[in-house]
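Peer 1: Pasting a structure below so you can have a look.
The values are calculated or read from the model by the stated rules, or taken from the named source; none is laboratory data. Model, not experiment: these values are computed from the prediction. Positions of Cβ are backbone-derived with ideal geometry, glycine not excepted, and every protein chain shown enters the neighbour counts. Keep in mind that these areas ignore ligands, DNA and RNA; they rest on the heavy atoms of the full protein, side chains included. Shrake-Rupley method; radii C 1.70, N 1.55, O 1.52, S 1.80 Å.
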Amino acid sequence: MTIKIEQSDMQSVEQLTGKNQLLLTMIPNATSWVKANLANKSNTLSFSSEDELIEQLGIGLSGTSIIALQGSNLTLEIKKLMEMSIEDILTLLADETSAQTSATTFAEIAKRYHLITNDELSIVGQFLQDNSITVPVGWWTGLKETIECYQSLIYVEKTLKQKSHVRADAINWGLTRAQTLAEFARYYCLYLHLHKHTQGDLVQINALVEQLVHVVLSNLDCPLVAYELNPANLQQAIIQRYESGSKLGFSCLTSGLLCVARNINLTNADRINEEATIYLKQLQQLLSEQLSTDNYVNQAGSCRHYIYSLPLRTIVLNVNHVGCLSLHSDIPSA
């Protein structure tokens with residue numbers, strides 16, 4: 001099979017960059033597959049870049065692009081590894097084979113790339129087990145869902161602690177609405193947040209959610225941008241969106257529900273739509289005046305996060321693989 005990269009025939013594995021040669025060895029059977037097919041010129045397979053070749057090999061050979069580094073206690077998507085320096089990848093692999101990497105060095109790498117260990121992610125399984133939750137068969141429970149569920153559960157533990165019977169009500173309420181693990185965790189957060197503002201009145205909670213859903217569904221339209229933007233170009237994209245009179249849409253329904261619920265006054269049900277409109281306008285103006293403070297590829301490889309660490313809140317924007325720029329979260333400081 002002729003393998004073309006950027007319209008040129010690939011001659012050998014050695015012509016790949018050093019990092020991509022290393023990544024190739026981390027994908028089961030990938031190196032042998034490439035070498036065998038380079039010798040067979042009967043068909044042609046084209047890739048727009050080396051990175052695309054590496055990204056697609058795991059999916060084509062094993063049905064997944066997820067890499068498990070058991071010795072480093074990490075599970076991550078190949079695009080996350082592409083973001084790392086070759087030195088840091090080698091450090092993680094050294095830990096995989098010889099356990100020589102110090103805890104300090106690993107902690108530095110984890111912080112630099114916003115990595116979540118398998119032990120940390122096990123909180124999700126423990127939560128499901130402790131609450132006797134059976135995950136519905138149709139739910140997607142991959143790495144992306146697990147990470148987003150973990151982040152929601154950590155948020156709850158830090159800011160929304162409630163009695164066990166309230167948590168049980170929140171679980172049951174979320175299970176009746178969610179269709180994925182991440183969505184369930186966000187509904188769980190939403191219920192606990194609204195519980196504080198309604199004294200646990202389920203009728204009020206459902207009424208508030210109904211209004212919030214209407215607001216969010218009207219704000220899911222997202223602009224298309226380049227996948228990787230520097231802070232100035234991201235700011236310009238937001239300014240253009242703002243000046244055109246269009247709002248920056250939410251990443252999904254439940255992300256939008258949490259963003260709005262966390263940042264508006266919920267005490268007057270008659271003013272929810274007005275409060276939400278004011279919030280969205282002020283948020284977009286704020287983002288047009290700020291530069292992102294950090295950005296990185298999600299550990300599941302599903303998007304690039306752009307972080308705004310501001311004095312009173314932390315805002316996260318996403319750009320997914322097709323370039324859709326959206327608001328993922330807006331968390332007020334505790």
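Peer 1: Give the lysines reachable from Lys281 as a straight Cα distance under 20 Å; neighbours fewer than 8 places away on the same chain don't count.
Peer 2: Lys247
Peer 1: Mind checking the alpha-carbon convex hull of the stretch 233-334 and giving the volume per residue in Å³?
Peer 2: Value for the stretch 233-334: 109 Å³ per residue.
Peer 1: So, one more: Rounded to two decimals, what is the ratio between the C-alpha radius of gyration of the stretch 261-315 and 2.2 N^0.38 Å?
Peer 2: 1.43
Peer 1: Taking Cα pairs under 8 Å and at least six residues apart, what relative contact order does the chain come out at, in percent?
Peer 2: That works out to 13 percent.
Peer 1: Separation between the Leu310 and Asp119 pseudo-spin-labels, each 7 Å from Cα along Cα→Cβ, expressed in nm?
Peer 2: 3.6 nm
Peer 1: Computing the accessible area with a 1.4 Å probe over protein heavy atoms, can you report the carbon and sulfur percentage for the chain?
Peer 2: Answer for the chain is 50 percent, counting heavy atoms of protein chains only.
Peer 1: Using a basic spin-label model with each label point 7 Å from the Cα along Cα→Cβ, how many nm lie between Leu286 and Leu90?
Peer 2: It works out to 4.4 nm between the two label points.
Peer 1: Something else about it: Let's test the formula: R0 of 45 Å, r as the Cβ-Cβ distance of Gln199 and Gln179. What FRET efficiency results, to the nearest 0.05?
Peer 2: The value I calculate is 0.95.
Peer 1: Dipole size in debye (nearest 20) for the chain around its Cα centre, Lys and Arg Cβ +1, Asp and Glu Cβ -1?
Peer 2: 520 debye
Peer 1: So what is the diffusion coefficient of the stretch 53-176 in µm² per second by Stokes-Einstein at 37 °C and 0.692 mPa s, using a Kirkwood Rh over Cα pairs?
Peer 2: The calculation lands on 197 µm²/s.
Peer 1: How high is the FRET efficiency between Ile331 and Ala269 when r is their beta carbon distance and R₀ equals 30 Å, given to the nearest 0.05?
Peer 2: Result of the calculation: an efficiency of 0.80.
Peer 1: Between 0 and 90 degrees, rounded to the nearest ten: what's the tilt of helix 143-159 against the longest Cα principal axis of the chain?
Peer 2: Roughly 40 degrees, rounded to the nearest 10.
Peer 1: Can you check how the C-alpha radius of gyration of the chain compares to 2.2 N^0.38 Å, as a plain ratio?
Peer 2: Rounded to two decimals, the normalised Rg is 1.11.
Peer 1: Connecting C-alpha atoms closer than 10 Å in a GNM of the chain, tell me which of Tyr306, Tyr279, Tyr187 has the biggest fluctuation.
Peer 2: Per the Cα network of the chain with a 10 Å cutoff, Tyr279 tops the list.
Peer 1: Which longest uninterrupted range of the chain lacks any GluC sites (Glu not before Pro) assigned by DSSP to a loop state (not H, G, I, E or B) and surrounded by at most 11 other Cβ atoms within 10 Å?
Peer 2: 7-288
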